[in-house]
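Here is the structure we will look at.
The values are calculated or read from the model by the stated rules, or taken from the named source; none is laboratory data. Computed from a predicted structure; not experimentally measured. With ideal geometry, Cβ positions are generated from the backbone for all residues, glycine too; neighbour counts draw on all protein chains shown. Note: accessible area is taken over every heavy atom of the protein model, side chains too, but ligands, DNA and RNA are not part of it. Shrake-Rupley method; radii C 1.70, N 1.55, O 1.52, S 1.80 Å.
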Amino acid sequence: MVCLQILPEFKKHFNDPDGSTLGFMSASQNFGGLVMLPIAPYISDGLGRNRALTFGCFIVVGGVILQALATTVGHFIASRCIIGVGICLIQNAAPVLIAELAYPTQRSTLTALYNTMWYFGSIISAWVCYATLRTLPGSVWEWRIPCLLQAAPALIIGIIVLFIPNSPRWLVAKGRVSSVPTSLPSFNPD
């Protein structure tokens with residue numbers, strides 16, 4: 001969101017919002033996450049980490065589409081709140097899924113890698129905004145392309161996770177012990 005604030009077409013499209021409006025536009029993602037925070041663990045435990053993660057990814061994709069199509073500040077803020085709901089589900093389910101599926105000697109490395117990817121995404125986002133600023137001046141796509149590209153990782157992850165078996169730990173916790181032998185070899189061939 002910070003990158004969008006420097007784009008002239010973004011400012012023009014939303015009638016040159018003042019600092020407090022820009023702050024609210026940026027923080028609105030956290031408001032969505034705050035609303036979902038008390039509910040996300042129950043969704044993750046009830047549906048399973050895989051389904052919760054996929055559900056969160058598709059909420060993010062929907063919010064991103066609404067954000068890119070925003071015509072007013074209110075529309076933009078509402079779409080950011082929806083994105084925040086999806087991100088909260090993702091942030092709740094993903095590290096737990098990684099920890100439950102990773103081989104014990106690789107668990108800490110993979111969880112740390114997950115956390116590092118958020119910063120990597122921010123760097124890519126900054127470069128995309130810079131590229132659209134230089135190549136699409138005067139076009140509404142100067143700010144819409146960076147918005148839409150947020151959906152790519154969520155869409156890819158949401159689809160890939162559909163093919164990952166449930167965690168043996170979650171299956172045992174849900175009393176589905178008979179399913180554990182079929183999922184266990186996927187994670188530990190020994």
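When every residue of segment 41-51 is checked against the conditions, none turns out to be more than 30 Å from Lys174 (Cα to Cα) and of a type in the set (Val, Ile, Thr).
Residues in segment 71-102 that are within 19 Å of Gly33 (Cβ to Cβ) and among the aliphatic types (A, V, I, L, M): Ile77, Ala78, Ile82, Ile83, Val85, Ile87, Leu89, Ile90, Ala93, Ala94, Val96, Leu97. Residues in segment 141-163 that are open to solvent by less than 60 Å² (accessible area, probe 1.4 Å) and either touching a residue at least 24 places away in the same chain (Cβ under 8 Å) or acidic (Asp, Glu) (or both): Glu142, Trp143, Arg144, Pro146, Cys147, Ala151, Ala154, Gly158, Val161. Would you mention how many residues in segment 16-44 are over 15 Å from the mean Cα position of the chain (by Cα) and in a loop (DSSP other than H, G, I, E, B)? Count: 5. In summary, helices (runs of 4 or more DSSP H) completely within segment 82-173 and bearing 1 or more residues that are touching a Gly at 6+ places or on another chain (Cβ under 8 Å) occur at 151-160, 168-173.
Applying a threshold of 6 Å to beta carbon distances and a minimum spacing of six or more residues, or different chains, the list of pairs starting in segment 106-128 at a residue that is of a type in the set (A, V, I, L, M, F, W, C) and ending at one that is open to solvent by 70 Å² or more (accessible area, probe 1.4 Å) reads Val128/Leu149.
Got a sec? Which of Ala102, Ala93 is under 12 Å from Ser167 (Cα atoms) and either buried (at least 23 other Cβ atoms within 10 Å of the Cβ) or among the polar types (S, T, N, Q) (or both)? Even if it seems obvious, please write down each step before you answer.
Values: Ala102 fails: either buried (at least 23 other Cβ atoms within 10 Å of the Cβ) or among the polar types (S, T, N, Q) (or both).
The unique qualifying residue is Ala93.
Among the residues of segment 61-72, those identified as open to solvent by 10 Å² or more (accessible area, probe 1.4 Å), β-branched (Val, Ile, Thr) and closer than 14 Å to Pro146 by Cα are Val61, Ile65. Checked against (1) modelled with pLDDT under 90; (2) open to solvent by 80 Å² or more (accessible area, probe 1.4 Å); (3) among the hydroxyl-bearing types (Ser, Thr, Tyr); (4) within 25 Å of Gly62 (Cα to Cα), Tyr130 passes all but a single condition, namely (1).
Would you call Ala78 at pLDDT 95 or above, assigned to a helix (DSSP H, G or I), under 30 Å from Pro17 (Cβ atoms) and open to solvent by less than 80 Å² (accessible area, probe 1.4 Å)? Write out each step before concluding.
Numbers: at pLDDT 95 or above: yes; assigned to a helix (DSSP H, G or I): yes; under 30 Å from Pro17 (Cβ atoms): yes; open to solvent by less than 80 Å² (accessible area, probe 1.4 Å): yes.
Considered against the rule, which asks whether it is at pLDDT 95 or above, assigned to a helix (DSSP H, G or I), under 30 Å from Pro17 (Cβ atoms) and open to solvent by less than 80 Å² (accessible area, probe 1.4 Å), Ala78 comes out as yes.
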